[in-house]
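The values are calculated or read from the model by the stated rules, or taken from the named source; none is laboratory data. On a predicted model such as this, the values are computed, not experimentally measured, just so you know. Cβ placement follows ideal geometry from the backbone for every residue including glycine, while neighbour counts extend to all protein chains displayed. Surface areas here come from the heavy atoms of the whole protein model, side chains and all, with no ligands, DNA or RNA. Shrake-Rupley method; radii C 1.70, N 1.55, O 1.52, S 1.80 Å.
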Amino acid sequence: MRSIWNGAISFGLVSIPIKLVNATESHAISFRQIHTEDNGRIRYRKVCELEDREVSQSEIGKGYEDADGTIIPITDDDLSHLPLPTARTIEIVAFVPAERIDPLQMGAAYYLAAGGAPAAKPYVLLREALKRSNKVAIAKYALRGRERLGMLRVVGDAIAMHGLLWPDEVRAPEGVAPDTSVTVRDKELDLADALMDTLGEVDLDDLHDEYREALEEVIAAKASGEAPPEAPEPAAGGKVLDLMAALESSVRAARESRGEPPTATEAEVRPLPRRAAPKAAGGKKSTSTAKKTTTEKKPEPARKSTSKTAQGTKKTAASKSTTTKSRATKSTATKSTAAKSTATAKKTSAEKTATKKTASRKRTA
């Protein structure tokens, strides 16, 4: 990798020679501007306004335009003599926890390569110190004509530096959030959590630029004289009228894409409209109304009292029923006794009559 800047890291009284190397690269497909009639290239030519002629790159320098339009030339030698310690130095000014850095401030990423064998020892010392402290280093450095802010952290066995925006370069999110009052229910949050859990995590190495791949297919088809591939039908969209239903459908679709069976809790639950109670005919209507009125007026303890009264009534009815049965049994027993007494009396009278007849026959004899 080619270095884009050479300098040193200033770590207190320790100086570490380093080379700045780009840590990222772009794989985007670039286009040329062409003349649509004959496909001729459209080029930008650098022309001197005073001489009205095209100039080469070697003839081009830097200049600052003053408020009155005066151009003040600035050479590379002028920039190399800036009265700043960061002109050729990455000066570490502090060590802070990584969570203190707002991701909105982070910009371009670079690797810091040790500048030769003498830099190996202090380079490793700084790397291991950053590892053990679980902190990042905040530094100032000058690059491309301006002083910048940077964050140094450990990536594998190397030290990386992220360019940071100055705090006053980050806009406040004013007027971005909804200005209307919105209430989110716990059930909606539960479904959102379920959707997050279902989608789960992803290995960033598995992600790729599908737009670039599709663009390469179109270019290849055009180059071979074939028709470009057809674009897939866009997903049906529309207004989300029921947020709960949309969340439930999202959870269901995510689980189906992972081959997971749907659960019973995924059924769509919507509140049904209240229906009016059916009107009863005749006396039932008034009884139902009376019950409703009694229920509304009496508190919960009254229901218990009513329940107890009902239980008492049941017991009384059961007692009366038992008493009636007992009386019926006694009455049956009395009738049975009376019948037995009558039968005994008749038997005794018959025996007496028979005895008298026998005695009368004996006397006659």
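Calculated FRET efficiency, Ile72 and Trp5, Cβ-Cβ r, R0 41 Å, to nearest 0.05? So the FRET efficiency works out to roughly 0.95.
Each residue, Val218 and Ala192, gets one label point 7 Å from its Cα in the Cβ direction; the gap between the two is 3.5 nm. With the convex hull of its Cα atoms as the shape, region 157-256 has an orientation-averaged projected area of 13.7 nm². Only Lys, Arg, Asp and Glu carry charge here, each on its Cβ (+1 for the first two, -1 for the last two); on that basis region 52-169 has a dipole of about 1060 debye about its Cα centre.
Out of the total accessible area of region 1-120 (probe 1.4 Å, heavy atoms of protein only), what percent is carbon and sulfur?
Answer for region 1-120: carbon and sulfur cover 53 percent of the accessible area.
What's the FRET efficiency of Asp157 with Leu104 using the Cβ-Cβ distance as r and R₀ = 30 Å, to the nearest 0.05? Efficiency, from the Cβ-Cβ distance: 0.55. Between Arg132 and Arg45, the FRET efficiency from the beta-carbon distance, with R0 = 41 Å, is close to 0.15. The order of the peptides 187-194, 173-180, 41-48, 149-156 by mean Cβ neighbours within 10 Å, most packed first, is 149-156, 187-194, 41-48, 173-180. Toward the positive end of the charge dipole of region 121-260, with +1 on the Cβ of Lys and Arg and -1 on the Cβ of Asp and Glu, the farthest Cα among Ala253, Gly175, Ile138 is that of Ile138. Starting from the Cα gyration tensor of region 49-194, take the square roots of the eigenvalues, sort them a ≥ b ≥ c, and report rounded, prolate or oblate (rounded when a/c is under 1.5, otherwise prolate if a/b is larger than b/c, else oblate). Note, shape of region 49-194 comes out oblate.
The accessible area of Leu243, taken with all protein chains in place and a 1.4 Å probe, comes to roughly 90 Å². Please report how far the C-alpha centroid of region 28-84 lies from that of region 126-145, rounded to the nearest whole angstrom. Comparing the Cα centres of region 28-84 and region 126-145, I get a distance of 35 Å. Remark: region 16-30, residue by residue, has Karplus-estimated 3J(HN,Hα) of 10, x, 9, 10, 8, 10, 4, 8, 10, 8, 9, 10, 5, 7, 9 Hz, where x stands for each Gly or Pro and the curve is 6.51 cos²θ - 1.76 cosθ + 1.60 at θ = phi - 60°.
For region 1-152, what is the number of Lys pairs with C-alpha distance below 27 angstrom, counting only pairs 8 or more positions apart or on separate chains? Counting lysine pairs in region 1-152 gives 11. Heavy atoms of the protein chains alone define the surface here; on that basis region 103-236 has 73 Å² accessible area per residue at 1.4 Å probe size. Model label sites at Glu147 and Gln57, defined 7 Å from Cα along the beta-carbon direction, differ in position by 3.1 nm.
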